[in-house]
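Scroll down for the structure; my scribbles are underneath it.
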Amino acid sequence: MSVRNAFLSLAALLLGVPALYVLGAWLHLYGEEEHAGEPTPARVPEALVAGRARADARAAAALTVGEPKQILFGDLHVHTTFSTDAFLWSLPLVNGEGAHPVADACDYARFCSGLDFWSINDHAEATSPRKWRETKQAIRQCDAAAGDPTNPDVAVFLGWEWSQVGRVPEEHWGHKNVILRQLADDAVPARPIGAAGIATDGLRGTLGGMPWYVPLLDFPERERYYDFIQSMDELRSVERCPEGVPSPELPEDCYESAATPRELFEKLDQWGLEAIVIPHGNTWGFYTPPGSTLDKQLDRAQHDPARQFLFEIMSGHGNSEEYRDWKAVDFAPDGRPLCPEPRSDYEPSCWRAGEIIRGRCRAAGLDEGDCESRAAEARQLHVEAGVAGQNVVPGVGFEEWLDAGQCRDCFLPSFNYRPGGSGQYALALGGFEASGAPRRFRFGFIASSDTHRARPGTGYKEFDREGTTESQGPRDETWRRRMFGEPVEKTPRATRVDTLDLSRGFATLEAERQASFFYTGGLAALHAVGRSRDAVWDALRRKEVYGTSGDRILLWFHWLNAEGADGTLASVPMGGEGRAHAAPRFEVRAVGALRQQAGCPESSVAALGPEGLEKLCKGECHHPTDQRKGITRIEVVRIRPQLRPGEPVRELIEDPWRTLACEPSPNGCVVQFEDPDFAAAGRDTVYYVRAIEEPSPAVNAGNLRCRRDETGACLEVQPCHGDYRTSDTDDCTETIEERAWSSPIFVDAG
């Protein structure tokens, strides 16, 4: 055979694979690495930063707050498209916006949302050595751009998210953000520490990734898909760190993971560096198995109170404050999962699965006894499937679930609410051993955004649902079918599915239904002595912090008659603790957030330019007037933690214990209260307050927008879809009462 013929034969063979993979995807030759970028070097004008401080100082003076610290607002839960889930939602198939790197987060915090502090928290499981190096560099550049370290326009922190997921409650520990105090290379771990198990295996094993042909289905936008494939290949190319070696002695360029909180704390201890670990999303049922509670995390080995002393009470994924005693699943004495019966205030999703099958069975004309048997079977298969329970009902439309699994009376609840992970449940728990006082969670409360679009502090205005929340989905019906599969026949019998069978891709979990439960996010607030990173860190350590649902409400909460070490009375701020023999007396001062005006400050326009402002800020920034919203009332929550194992938690949580009305005033509200029952009760008690603001519209606040009957049962839903079925100009706003949650004050019995 001649050389020419051999070449033609080889070319013909290769062109069958197919056409040299469409000639190197038309010669762009596939994906490129995504980079962290460089933040805008412009400085936020000192006059603008000082003006915010003066406005808050005037509000404090009007309420006669004595020697107030500065109140700063920030976001300690921020993802960029270095996180794989954020990268997925940036793709054209879901109308994604493309890359939003670390540099965007810095620019957004400074020029869009006007924050005082923020942290980077990309998923450790999605971070390669290169990404970690670039993240550190971008954060240092952001810090440099912020100016004088003692008075920066923003204080920036390095960190990551440890994203653990368990298939069953016993294996589930949840997600935690790790925040580091320092930025220098020799003062931070050589690599972020990820979570072993499903999160790691799904990204770095055989389950993660994207089929080779997907970019060809959206050929004009193919490069973004190839960039995603490149990112996944980069993760898989990183070898896992050897086990049994202390973290500081591991090779720099390996992937390190910890299977449990205990292992995470041990690895952080090995570095000997200052770090705060903040659990979050504990009530979010999208990935949290039904029946999960925080009980096992109070175990001495799994909880480090020196690092884990803050709790994210609210984020763009919903509120995690409130406890309810209904259950998504119950358990027999032998551990077998059972489906609880519905209540007037809650319908378990497993029960709804049975009702859907019962309805189909009756429609098929089958015997009533057979229909009841099939309904019972569906309920059981649903609880056995855990978070994948939706898949036991063939061909079910998510509207058929109505509001099953949801908290009907919670404020901006997280999806498929898990009350055993709530802040109230955590404060009510006691850990018991053979001797000694019960162990307790003594969490301070913060809120943050959990943005996956590099937009820290999105809650400054309620607008642009697709840009400021996580509500997103397929751009058209064709892509919807590609992502979730072709319609399946609706049969009158449930089928068995594996818990978290990740081979189902987007159809594994209730990705469509959750779109109605994404919000613009919360904010972390704190009382600091100055604006430096050290001042912010010290306030976090003191737990002199609080969370808001997004509005920049000013809040002070003090225990007025705490017993000092010298026998005199002292004032203890939120987050503090002490011992009392007499009735504790408290004071709350609260001022509503400044009303916003349209557009952006001129300094933001100058820094980002009109195009950058529109792309990143969506044309709207934190741009306050000098008029404030009103505070309508103060709600006090009292919790008396368990004194013995098995003490019913519902009886220990009084919410609200007191409701104190506020006179309408732009100057805010001052109230005092005391607990006359404290001494007689003879038990440790926890108090925290909510400052409730006048009603205002908020994105996605109606959730599934149920049409209800006279008993409150949901008859029909009108969801805010994340995809093409809801207009991108419809922000799905409903009226809510924005609020701030103080950190608790812990008063121990004398």
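The values are calculated or read from the model by the stated rules, or taken from the named source; none is laboratory data. Since we're looking at a predicted model, the values are computed, not measured. No Cβ is skipped: glycine too gets one built from the backbone with ideal geometry, and neighbour counts run over all protein chains shown.
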Of 685, 735, which residue is in contact (Cβ under 8 Å) with a residue 40 or more places away in the chain, exposed (fewer than 13 other Cβ atoms within 10 Å of the Cβ) and among the β-branched types (Val, Ile, Thr)?
735
So which pairs qualify, if the first residue must be in region 713-727 and crowded, with 20+ Cβ neighbours inside 10 Å, the second must be among the β-branched types (Val, Ile, Thr), the Cβ gap must be under 7 Å, and the two must be at least 6 apart or on different chains?
720/726
Going through region 602-643 one residue at a time, which ones are over 26 Å from the mean Cα position of the chain (by Cα), surrounded by 14 or more Cβ atoms within 10 Å (Cβ to Cβ) and in a helix (DSSP H, G or I)?
603, 604, 605, 607, 608, 612
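Only one residue in 379, 300, 343 is surrounded by fewer than 18 Cβ atoms within 10 Å (Cβ to Cβ), of a type in the set (Lys, Arg) and either touching a residue at least 24 places away in the same chain (Cβ under 8 Å) or on the phi > 0 side of the Ramachandran plot (or both), so which one is that? I'd like the intermediate steps shown before the answer.
Details: 379 fails: surrounded by fewer than 18 Cβ atoms within 10 Å (Cβ to Cβ); 343 fails: either touching a residue at least 24 places away in the same chain (Cβ under 8 Å) or on the phi > 0 side of the Ramachandran plot (or both).
Answer to the check: 300.
Yes or no: residue 698 modelled with pLDDT of 95 or more and within 27 Å of the chain's Cα centre (by Cα)? Outline the logic, then answer.
On the way: modelled with pLDDT of 95 or more: yes; within 27 Å of the chain's Cα centre (by Cα): yes.
It is true that residue 698 is modelled with pLDDT of 95 or more and within 27 Å of the chain's Cα centre (by Cα).
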Please verify whether residue 624 is touching a helix residue (DSSP H, G or I) at 6+ places or on another chain (Cβ under 8 Å) and under 24 Å from residue 55 (Cα atoms), treating the condition exactly as stated.
yes
Could you list all residues from region 544-601 that are touching a strand residue (DSSP E or B) at 6+ places or on another chain (Cβ under 8 Å), part of a loop (DSSP other than H, G, I, E, B) and β-branched (Val, Ile, Thr)?
553
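From the list 440, 475, 465, which residue is under 29 Å from residue 698 (Cβ atoms) and crowded, with 19+ Cβ neighbours inside 10 Å? Talk me through it step by step, then tell me what you get.
On the way: 440 fails: under 29 Å from residue 698 (Cβ atoms); 475 fails: crowded, with 19+ Cβ neighbours inside 10 Å.
Result of the check over 440, 475, 465: 465.
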Kindly indicate whether residue 373 is farther than 30 Å from residue 725 by Cα, polar (S, T, N, Q) and surrounded by fewer than 24 Cβ atoms within 10 Å (Cβ to Cβ).
yes
Filter result for residue 590 (touching a Cys at 6+ places or on another chain (Cβ under 9 Å) and either over 19 Å from residue 520 (Cβ atoms) or not β-branched (Val, Ile, Thr) (or both))
yes
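Considering only region 698-712, state which residues are part of a loop (DSSP other than H, G, I, E, B) and exposed (fewer than 15 other Cβ atoms within 10 Å of the Cβ). Show your work before the answer.
Here is the first cut: in region 698-712, the residues part of a loop (DSSP other than H, G, I, E, B) are 700-706, 709-712.
Passing the criteria: 709, 710, 711, 712.
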Considering only residues that are in contact with a Ser or Thr (Cβ under 9 Å, 6 or more places away or on another chain), modelled with pLDDT of 95 or more and part of a loop (DSSP other than H, G, I, E, B), look in region 644-676 and name the one that is farthest from residue 324 (Cα to Cα).
662
